[in-house]
Amino acid sequence: MATEVDPARVMPYAILQAADLRDARILEVGAGDGRLTFQYASQPRSVIGIDTTERDIRSAVVAPRKEARGQMHFLCASGTALPFSAEQFDIVLLASSL
Amino acid sequence: MVDALREARRVMARRGVLIDLRPLVAPIVVEVIVAAQPAWAKEVASYSAPEDLAAADAAVQNAISSDWFVFEKSIPFDFEIYCDTVAELSDYAKARKLHGEEIPYDELEKRQAELSAQRQLPRLRCRRRWMLSTYRNK
């Protein structure tokens, strides 16, 4: 079986409990390889995941996206200099990135 | 960290929600489990970058006192990792940069071997306390 990370999906469940993701525009800072992103992606209108580790972002870009409802994009960027215009997102998720 | 919060606020719609998700500075629990039940467990004072977490707390408090965000709620939860071998658990601890008290790998291996000898199927579990907090953009 090897290593299983959060098999009960406690983390995405906590996110879904914490905020109304339905039809939301979400920015996830520290998205890594998208492991968490894919687990809540069935509800939002769009998700952009960013991370400073290029290898992880490349993995996220090519990963299968069965659960995504809306648009999903990943790009290499820093949370301290976001390449987005103002007031573009309904939810900003700082995933272990503060 | 303050820069990250400032940027988050800039790109967030009015009344948008900030979700801050990170581990707590709390001991982890390592266990040998059989059929999801703990057969042996130990708390280990091993953390990833406690100084960074303290700085993150200070940055969030600064953002609140600057009227950038209003605190809404916190949801604590246990984040679990299951491994078949001590080597896998060690790889996880290295990847997460857990440091402080050493995880008792020898003890875990011994307990796992004892249970295996009894024809059980022991696995290793590592539990870390996390906190999800939400803040509303003002």
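Does residue B:105 satisfy the condition of being more than 10 Å from chain A (Cβ to nearest Cβ) and surrounded by 15 or more Cβ atoms within 10 Å (Cβ to Cβ)?
When the stated conditions are applied, residue B:105 passes them.
Could you look through the range A:54-90, keep only residues that are more than 14 Å from the chain's Cα centre (by Cα) and β-branched (Val, Ile, Thr), and pick out the one that is farthest from residue A:18 (Cα to Cα)?
A:62
Confirm whether residue A:46 is surrounded by fewer than 19 Cβ atoms within 10 Å (Cβ to Cβ) and of a type in the set (S, T, N, Q).
No: the conditions fail for residue A:46.
Would you point out the residue of the range B:59-94, among those that are among the β-branched types (Val, Ile, Thr), touching a residue at least 60 places away in the same chain (Cβ under 8 Å) and more than 10 Å from every other protein chain (Cβ to nearest Cβ), that is surrounded by the most Cβ atoms within 10 Å (Cβ to Cβ)?
Across the range B:59-94, the extreme among qualifying residues is B:64.
Pick from the range A:11-40 the residues that are over 11 Å from the mean Cα position of the chain (by Cα), free of Cβ contacts under 8 Å to residues at least 40 places away in the same chain and surrounded by 15 or more Cβ atoms within 10 Å (Cβ to Cβ): which of them is nearest to residue B:74 (Cα to Cα)?
A:18
For residues in the range A:1-31 being among the small types (Gly, Ala, Ser) and within 11 Å of chain B (Cβ to nearest Cβ), which is nearest to residue B:133 (Cα to Cα)?
Top of the filtered list is A:18.
Being modelled with pLDDT of 90 or more and charged (D, E, K, R) is the filter; apply it to the range B:37-52 and report the residue that is farthest from residue B:108 (Cα to Cα).
Applying the first criterion (modelled with pLDDT of 90 or more) to the range B:37-52 yields B:37-44.
Next, only the ones that are charged (D, E, K, R) stay: B:42-43.
Details: B:42: 10, B:43: 12 Å.
This residue is B:43.
Please work out which residue is modelled with the lowest pLDDT, limiting yourself to the range B:96-115 and to residues that are out of contact with any strand residue (DSSP E or B) (no Cβ under 7 Å at 6 or more places or on another chain) and under 30 Å from residue A:95 (Cα atoms).
Here the residue is B:102.
Scanning for something under 25 Å from residue B:96 (Cβ atoms) and crowded, with 19+ Cβ neighbours inside 10 Å, does the range A:80-88 turn up at least one residue? Before the answer, list the steps.
Of all residues in the range A:80-88, those under 25 Å from residue B:96 (Cβ atoms) come to A:80.
So of that shortlist, the ones also crowded, with 19+ Cβ neighbours inside 10 Å come out as none.
So far as the range A:80-88 goes, no, none of its residues is under 25 Å from residue B:96 (Cβ atoms) and crowded, with 19+ Cβ neighbours inside 10 Å.
I'm checking my understanding of the structure. Among residues of the range B:12-29 that are among the β-branched types (Val, Ile, Thr) and surrounded by 19 or more Cβ atoms within 10 Å (Cβ to Cβ), which one is modelled with the lowest pLDDT?
B:28
The values are calculated or read from the model by the stated rules, or taken from the named source; none is laboratory data. Please read all numbers here as calculations on a predicted model, not as lab measurements. Neighbour counts run over all protein chains shown; Cβ positions are idealised from the backbone, glycine included.
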